Each structure stands twice: as C-alpha cells, then as structure tokens.
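Working notes for the structure below.
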Amino acid sequence: MDYITRINRAAETIKNAIGTADIAVILGSGLGDFGNELKNAREIAYADIPGFPHATVKGHAGKLICGELVGKQVMMMSGRFHSYEGHPMEDVTLPIRVMARLGVKNLIVTNAAGGVNLSFSAGCLMMITDFINLSGKNPLVGENLDEFGPRFPDMSNAYDKDLRALALSCARELKIDLKQGVYCWMSGPCYETPAEIRMTRILGADAVGMSTVPETIVAVHSGMKVLGFSCITNMAAGVLDQPINHEEVMETGRRVRGEFSALLTSVIEKMN
Ligand code: HPA
C-alpha cells in the first residue's frame, strides 16, 4: 500500500469509528489518562486502524479518542510513535498526516523532557517556544507530498505565536508558573550524557527529549497551528548527582498531571 493510500484508509476508518475534531492533542509519557476527561468519548485502538503502527512504550496506551471537552470536540492520541522504537519517520508522523486529512487545524503536542535550563526543576511545566533538531533525522526527507505542503516549509513560527500568547494568559489566570524554552530533540533511547547536555545548553536548549519535533515538523508542513508543552520530569544528565530512570519520569508526570490538565483544558476552551 503506498503512503497516501495508507493515510487515506486510516483517516476513513477513524472518521467512521470516532469522528473528527478541529483540535487534537498528543499525550506524552504519563499524561495518557487526560483522555478520560472527554465526554461522550469514542475510541479506536491503533491496532484496529489499517496502516497504523503499534505503540510499544510503557505508559503509552495506543489509542485515538474523540470526545467533548469544555464544549469542544477534541481528538486525543494516547500513545505516540518514537523513532527509537525502530519506527521509520513516515510511521512516526503518519498520525499527523491522518489528522491533516481529518481536518485538524490546531495540534497540541505534549511530552516528558529533561531540564537543561538550570533554573528549572523536576515538575516544572514548559511551553515550547522553538526546537533544535539534533536527531540527525527529518520526517520530510524524501519525495515532497505536495498535496500537504511545500518542499521547503518555513519553521520560523513552528510553535504558533498567537497560541503561545493564549497559553501564557491561561497560565497566568490559573496561577501556573509556566516556563518557556527551546526543546531539543535527541534520538534516544539512552538518556543523554552529561557532555551532551552541556552541549545542548551552549546551543540554547532549555529541555531535551526524544519526541515531538517530528510531529511538529509534519504538522507545520501540513499547515496546522502547533502548541507544545514539556513536563520537566527530571533534570537532564549531569545536572544532579543522580541517575535518570524511566520510573522517575513517569512518576513526575503523574505528580503534575492535575496542573497540566487544567492548563490544557483552559487553552482548549479559549482556542478559536
Ligand atoms: N532526556 C531525554 N528524554 C527525556 C528525559 C531526558 O532527560 N526525561 C524525559 N524524557
């Protein structure tokens, strides 16, 4: 099956099973259960969507949910695909192409990330202002899909300026200390070395992680507006004299879940 056919078939299946929405959210590590907040929710497992890859990471359920949140139809992706799992870039970003086909206009991407900025601490929420791609990969390599977007898409406003202003005002209203910063995509799956983290700091990164950038690039290519948030689940390698482990990452994610959900809900409510 060629790529466009895969996209179209997946989109058709999803539309028939759960419908569609203007707003979509990708739930990062530990945030998977935000999907429970949707009213009149319909869901479909990735395994039941033809052409969809399968999620393999603990804490990522692997389903799409569509339902109502503060009066708006919202689609949520519980479980995403990472290149470190061995998925080719076209699989990592297939769900974003499918969302574009389904008419999604605004995409909120979330993740767990390591704090590079020394003023951060575990449990901080950071709005992503920009990204640095140190993965060596780009999901747009290959023949351009002209029906989605241009060969050389502009990335100077990858995280939409107006949506960022909206998120800041929501955070202020909720009295959430929302940090802002640059997210650096590293390929993983090992956590970074202290030397790599010092390098990313010199380059201007505030947080590091193993996701989000491929989805952002493809969403921008498709003309969507993107808003991104990182939950700083741990300080990055070498900042504290302690090892980093996946359980800590998940645990911090759970700890700030309430605050994170409140912020996302408020942003979605005020999005137009
Ligand atoms: N590095 C990369 N990815 C991550 C980290 C980290 O420290 N924490 C959570 N995801």
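The values are calculated or read from the model by the stated rules, or taken from the named source; none is laboratory data. Computed from a prediction, not measured in an experiment: that's the story for all the values here. Positions of Cβ are backbone-derived with ideal geometry, glycine not excepted, and every protein chain shown enters the neighbour counts.
Taking the listed residues 174, 178, the one that is in contact (Cβ under 8 Å) with a residue 40 or more places away in the chain and crowded, with 16+ Cβ neighbours inside 10 Å is 178, with no other qualifying. Listed by position, the helices (runs of 4 or more DSSP H) inside region 1-109 whose residues that are over 29 Å from residue 162 (Cβ atoms) and of a type in the set (Ser, Thr, Tyr) number at least 3 are 3-18.
Quick check on region 166-180. Is at least one of its residues within 16 Å of the ligand (Cβ to nearest atom), in contact with a strand residue (DSSP E or B) (Cβ under 6 Å, 6 or more places away or on another chain) and at pLDDT 95 or above? So far as region 166-180 goes, yes, one or more of its residues are within 16 Å of the ligand (Cβ to nearest atom), in contact with a strand residue (DSSP E or B) (Cβ under 6 Å, 6 or more places away or on another chain) and at pLDDT 95 or above. A search for C-beta distances below 7 Å between a residue of region 116-127 that is touching a residue at least 24 places away in the same chain (Cβ under 8 Å) and any residue that is among the aliphatic types (A, V, I, L, M) and assigned to a loop (DSSP other than H, G, I, E, B), counting only pairs 6+ apart in sequence or on different chains, returns 116/205; 116/236; 118/239; 123/256; 125/176; 125/256. Note on region 122-145: residues that are within 16 Å of the ligand (Cβ to nearest atom), part of a loop (DSSP other than H, G, I, E, B) and either among the β-branched types (Val, Ile, Thr) or surrounded by 13 or more Cβ atoms within 10 Å (Cβ to Cβ) (or both) total 6. Being outside any loop (DSSP other than H, G, I, E, B) and within 22 Å of residue 83 (Cβ to Cβ) is a description that does not apply to residue 148. Under the condition of being small (Gly, Ala, Ser) and more than 17 Å from the chain's Cα centre (by Cα), which residue from region 27-57 is modelled with the lowest pLDDT? If we take residues in region 27-57 being small (Gly, Ala, Ser) and more than 17 Å from the chain's Cα centre (by Cα), then 51 is modelled with the lowest pLDDT.
Which of the residues belonging to region 231-272 are in a helix (DSSP H, G or I), among the aliphatic types (A, V, I, L, M) and in contact with a strand residue (DSSP E or B) (Cβ under 9 Å, 6 or more places away or on another chain)? Hits for region 231-272 are 249, 250, 263, 264, 267, 268. Scanning region 190-230 for residues that are in a loop (DSSP other than H, G, I, E, B), surrounded by fewer than 19 Cβ atoms within 10 Å (Cβ to Cβ) and either away from the ligand (no atom under 14 Å from the Cβ) or not polar (S, T, N, Q) (or both) yields 190, 204, 223. Restrict the check to region 184-206 and report whether at least one residue is modelled with pLDDT of 95 or more, in contact with an Asp or Glu (Cβ under 9 Å, 6 or more places away or on another chain) and closer than 27 Å to residue 268 by Cβ. The answer is yes; a qualifying residue exists.
Within region 92-118, if we keep just the residues that are more than 16 Å from the ligand (Cβ to nearest atom) and surrounded by fewer than 19 Cβ atoms within 10 Å (Cβ to Cβ), the residue that is farthest from residue 176 (Cα to Cα) turns out to be 103. Inspect all residues belonging to region 195-216 and state whether any of them is within 23 Å of residue 4 (Cα to Cα) and hydroxyl-bearing (Ser, Thr, Tyr). Checking region 195-216: at least one residue is within 23 Å of residue 4 (Cα to Cα) and hydroxyl-bearing (Ser, Thr, Tyr).
For residue 161, the criteria (1) under 25 Å from residue 99 (Cβ atoms); (2) surrounded by fewer than 18 Cβ atoms within 10 Å (Cβ to Cβ); (3) touching a residue at least 12 places away in the same chain (Cβ under 8 Å); (4) more than 16 Å from the ligand (Cβ to nearest atom) hold in every case but one, which is (3).
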